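Below: the structure, in structure tokens.
The values are calculated or read from the model by the stated rules, or taken from the named source; none is laboratory data. Quantities reported herein were computed from a predicted structural model and do not represent experimental measurements. Glycine gets a Cβ as well: all are built from the backbone with ideal geometry, and neighbour counts include every protein chain shown. Just so you know, the surface numbers come from the protein's heavy atoms only, side chains and all, with ligands and any DNA or RNA stripped out. Shrake-Rupley method; radii C 1.70, N 1.55, O 1.52, S 1.80 Å.
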Amino acid sequence: MDTAATWSEKLAALTGWEAVTKRVIDWPSVEARLGIALPTDYKQLAQWFGSGEFDGFLQLSTPDTPSPHHDLIKDAEWLGARAAADAWIGDLFSPLPVFPAAGGLLRWADSEQADQFFWLTDSADPDRWPTLAQPHDDVAGWERFEGSTSEFIYRVLTDPRQPFSIACFFDTHTFESYEQIREPDPEWDADPHW
């Protein structure tokens, strides 16, 4: 493996992903709408892959995707509003606040097993944000990963020591785009969170 390659490039090589065209994302507009800058690695990942799922397991959210269920901005607005309006929802993430609260959790992915993956936005430098992962059953609490978004995904797919690893289930790895295969469904898309 090329050690000079970025984690996004390593993921593309691992999955055999060749995007038909790289997405063009207006990052200044996205970040203005969110009110916060996003990690550099995530921006590269989002442009190369778009929204979709790795190995049928980890579902990546990106801005302005045709899949409202995996739209980073819509999800941040929805979860932030729910957590602010309903103490029970906010308590699910305790003791951490939910974005857009200062230093709050910003969800960038989830899994087929209902695990959730967040950045902890507690640094002015988004490239220093750790990933906090919450298991679907929340029994084990939060798992913290210091590294880029792409590295986290790569390790989930390949490293059996990673707490959310699916490495033992797959010899080869895939990425399925929600953007290249999905036809709009007005009924399904009416509520981005079912």
Original post:
Does residue 72 count as closer than 22 Å to residue 120 by Cα, under 11 Å from the mean Cα position of the chain (by Cα) and at pLDDT 95 or above?
Top reply: yes
**OP:** Starting from residues that are among the β-branched types (Val, Ile, Thr) and surrounded by 18 or more Cβ atoms within 10 Å (Cβ to Cβ), keep the ones in the range 49-75 and report whichever is nearest to residue 165 (Cα to Cα).
**Re:** 62
**OP:** Could you list, in sequence order, all residues of the range 15-48 that are open to solvent by 60 Å² or more (accessible area, probe 1.4 Å) and assigned to a helix (DSSP H, G or I)?
**Re:** 28, 32, 33, 40
Subject >> Filter result for residue 189 (at pLDDT below 85, out of contact with any Lys or Arg (no Cβ under 8 Å at 6 or more places or on another chain) and surrounded by 12 or more Cβ atoms within 10 Å (Cβ to Cβ)) >> reply: yes
**OP:** Just need a number here: residues in the range 58-81 that are more than 14 Å from residue 34 (Cβ to Cβ), outside any helix (DSSP H, G or I) and not aliphatic (A, V, I, L, M).
**Re:** 4
Original post:
What residue, of 107, 82, is touching a residue at least 40 places away in the same chain (Cβ under 8 Å), over 19 Å from residue 158 (Cβ atoms) and either surrounded by fewer than 19 Cβ atoms within 10 Å (Cβ to Cβ) or not small (Gly, Ala, Ser) (or both)?
Top reply: 107
**OP:** Could you look through the range 136-147, keep only residues that are open to solvent by 30 Å² or more (accessible area, probe 1.4 Å) and part of a loop (DSSP other than H, G, I, E, B), and pick out the one that is modelled with the highest pLDDT?
**Re:** 146
Original post:
Looking at the range 119-135, which of its residues are surrounded by fewer than 16 Cβ atoms within 10 Å (Cβ to Cβ) and under 15 Å from residue 95 (Cα atoms)?
Top reply: 122
**OP:** Look at residue 155 and say whether it is part of a helix (DSSP H, G or I), of a type in the set (D, E, K, R), open to solvent by 40 Å² or more (accessible area, probe 1.4 Å) and at pLDDT 90 or above.
**Re:** yes
Original post:
Here are 131, 174: which of them is touching a helix residue (DSSP H, G or I) at 6+ places or on another chain (Cβ under 9 Å) and at pLDDT 95 or above?
Top reply: 131
Original post:
Restricted to the range 78-125, and to residues that are hydroxyl-bearing (Ser, Thr, Tyr) and touching a strand residue (DSSP E or B) at 6+ places or on another chain (Cβ under 8 Å), which residue is modelled with the lowest pLDDT?
Top reply: 111
